[in-house]
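Colleague: Here it is: the structure, laid out below.
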Amino acid sequence: MGIEICAVGGYGEVGKNMTAIRVDDEVVICDLGIHLPNWIRFTEHDEGEVVRYSRKKLIDEGAIPDDSIINDWRAKVVALVPSHAHLDHVGAVPFLARRYECPIFGSPFTMEVLKTILHDERIVLPNELKTVLVGSRVRISQKIELEFIHMTHSTPQTTMIVLHTPYGGVLYGCDFKIDDSPTLGPKPDYAALERAGKQGLACAMVDSLYADHKGKTPSEAYAKELLREVMFGENFRGHGLIVTTFSSHIARLASIVEFAKKLKRKPIFLGRSLSKYTTAAQEAGLIKFDDVEIVKYGRKVRRRLREIERQKGEYLICMTGHQGEPNAVLSRIADGKLRFHFDKGDAVLFSCHVIPAEINRQNRQVLEKKLADQGVRMYRDLHVSGHGRQDDIRQLVSLCKPKMLIPMHSEPPMMDAFCEVSKQMGYKIGETLFPVRNGDRLKIV
């Protein structure tokens, strides 16, 4: 019977990542993610939050993948495998996993994030949660062995998943960038990628989100320097200093805490999603935030903001709301829903890019106007992406040498750009290169 893949979500769109890989009469599902712009539009929660809704309603709203397209494979599923802890890869697990009678496998950090989501929303799944150390293998059946290869990205313990089968390997490579100077964790596991290639990869599915960008994605070390230049190069003495970034970006949060101490300011994190990810990172043994005050719930956030307002110059505040999400802490301050008055000269540092979707652009535009009207100094785009550009893609493909390539996690223009890069490396559309779309099935072997 061989290997066949079904593109459930993330093929022709950014988010809702979900891929089913059939090996004879067994199926492994890689990633079960949400579509962040649709999620934010529907729920008005910030990018790090998952709340309880019905599967059908979320599918109808375009917020999670429509997994009914693999109903005929449903009884064959032997494993659910989120590749990392971002919600566009793990966020749909609470809503879809119970449909499959199998365990969920993931790295320590990914599983801690999932456990926190389930606990916070009082969701109980029947699936067994199995933690797999990054760099190790786990046999899930006589025919399939999973390998978790370490890869650099914008959240810890991101993995490239290799399914080792009697027909060769299948690499699931979403998301990644090649970073030789990470500020948290090791470099990519080049030896494991080369070894997988030598053992024979029948196919690789690869992140193509930045495939239309030439060159190489800068290291996280560069983003750290961008933050350093602003935080130490400008005079914020006596003024409020606020940073907002992705709650899952533990390396960035660690840099923010480091700089707060050097500035002799007390670091404080405000918001549920920041609490969720930092708690998971500590539970996974990745980092300690013992000297950071972390405030999770609304009533306590409200009280601390009132207290901090009287001593702004003593704190560096990291809070949710970098995309302008209406219910995030920063938006609620700007709206006057939380008592914290901005004074002229107070600063907000956006250590992020705006996620390229209309709802995010609109939300950020509204937020920035409100902040500007209150005299806030804003510093934007103190950030580098976690997604590889064209040279990162070339390097990955050269390392593992798959026989076939499939672009994923992007809209059609980026998939087309990925195909152009791949053709330069000798791959041919329809023969060894397949830009599939959601719902497509492709026989690999």
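Colleague: Looking at Val134, Val162, can you tell me which residue is touching an Asp or Glu at 6+ places or on another chain (Cβ under 9 Å) and in a loop (DSSP other than H, G, I, E, B)? Write out each step before concluding.
Modeller: Details: Val162 fails: in a loop (DSSP other than H, G, I, E, B).
Matching residue, one of Val134, Val162: Val134.
Colleague: Tell me which residues, restricted to segment 331-374, are under 21 Å from the mean Cα position of the chain (by Cα) and in contact (Cβ under 8 Å) with a residue 60 or more places away in the chain.
Modeller: Within segment 331-374, Leu349, Phe350, Ser351, Cys352, Ile355, Pro356, Ala357, Glu358, Ile359, Asn360, Asn363 meet the criteria.
So that you can scan it fast, the table gives a plain yes or no per residue for (1) assigned to a loop (DSSP other than H, G, I, E, B); (2) closer than 30 Å to Arg332 by Cβ:
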| site | (1), (2) |
| --- | --- |
| Lys369 | no, yes |
| Ala372 | no, yes |
| Leu382 | yes, yes |
| Ser385 | yes, yes |
| Arg394 | no, no |
| Met414 | no, no |
| Phe418 | no, no |
| Lys423 | no, no |
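Colleague: Looking at segment 97-112 only, could you name the residues that are surrounded by 22 or more Cβ atoms within 10 Å (Cβ to Cβ) and not in a loop (DSSP other than H, G, I, E, B)?
Modeller: Result: Ala97, Ile104, Phe105, Gly106, Phe109, Thr110, Met111, Glu112.
Colleague: Restricting to segment 386-402, give me the number of residues that are of a type in the set (S, T, N, Q) and either without any contact (Cβ under 8 Å) to a residue 40 or more places away in the chain or touching a Phe, Trp or Tyr at 6+ places or on another chain (Cβ under 6 Å) (or both).
Modeller: Within segment 386-402, residues that are of a type in the set (S, T, N, Q) and either without any contact (Cβ under 8 Å) to a residue 40 or more places away in the chain or touching a Phe, Trp or Tyr at 6+ places or on another chain (Cβ under 6 Å) (or both) number 1.
Colleague: Here's another thing I want to ask about it. Please give the number of the condition Ala85 fails out of (1) over 23 Å from Leu133 (Cβ atoms); (2) hydrophobic (A, V, I, L, M, F, W, C); (3) modelled with pLDDT of 95 or more.
Modeller: The one condition Ala85 does not meet is (1).
Colleague: Here's another thing I want to ask about it. Looking at (1) part of a loop (DSSP other than H, G, I, E, B); (2) modelled with pLDDT under 90, which one does Ile359 not meet, given that it meets all the others?
Modeller: Status for Ile359: all satisfied but (1).
Colleague: If a residue must be at negative phi and either of a type in the set (D, E, K, R) or at pLDDT below 60 (or both), how many such residues does segment 30-50 contain?
Modeller: Adding up the residues that qualify gives 7.
Colleague: I need the full set of residues from segment 322-365 which are surrounded by fewer than 15 Cβ atoms within 10 Å (Cβ to Cβ) and either touching a helix residue (DSSP H, G or I) at 6+ places or on another chain (Cβ under 7 Å) or more than 28 Å from Glu225 (Cα to Cα) (or both), in order please.
Modeller: Of everything in segment 322-365, those that are surrounded by fewer than 15 Cβ atoms within 10 Å (Cβ to Cβ) and either touching a helix residue (DSSP H, G or I) at 6+ places or on another chain (Cβ under 7 Å) or more than 28 Å from Glu225 (Cα to Cα) (or both) turn out to be Asp335, Gly336, Lys337, Arg339, His341, Glu358, Gln362.
Colleague: Exactly one condition in (1) under 23 Å from Gly185 (Cα atoms); (2) touching a Phe, Trp or Tyr at 6+ places or on another chain (Cβ under 9 Å) is false for Ile287; which is it?
Modeller: (2)
Colleague: Here is a further query. Output the residues belonging to segment 237-274 that are buried (at least 22 other Cβ atoms within 10 Å of the Cβ), among the aromatic types (Phe, Trp, Tyr) and more than 13 Å from Ser351 (Cα to Cα).
Modeller: Phe269
The values are calculated or read from the model by the stated rules, or taken from the named source; none is laboratory data. Given the structure is predicted, the values throughout are model-derived calculations rather than measurements. Quick reminder, even Gly has a Cβ in these numbers, built from the backbone with ideal geometry, and neighbours come from all protein chains shown.
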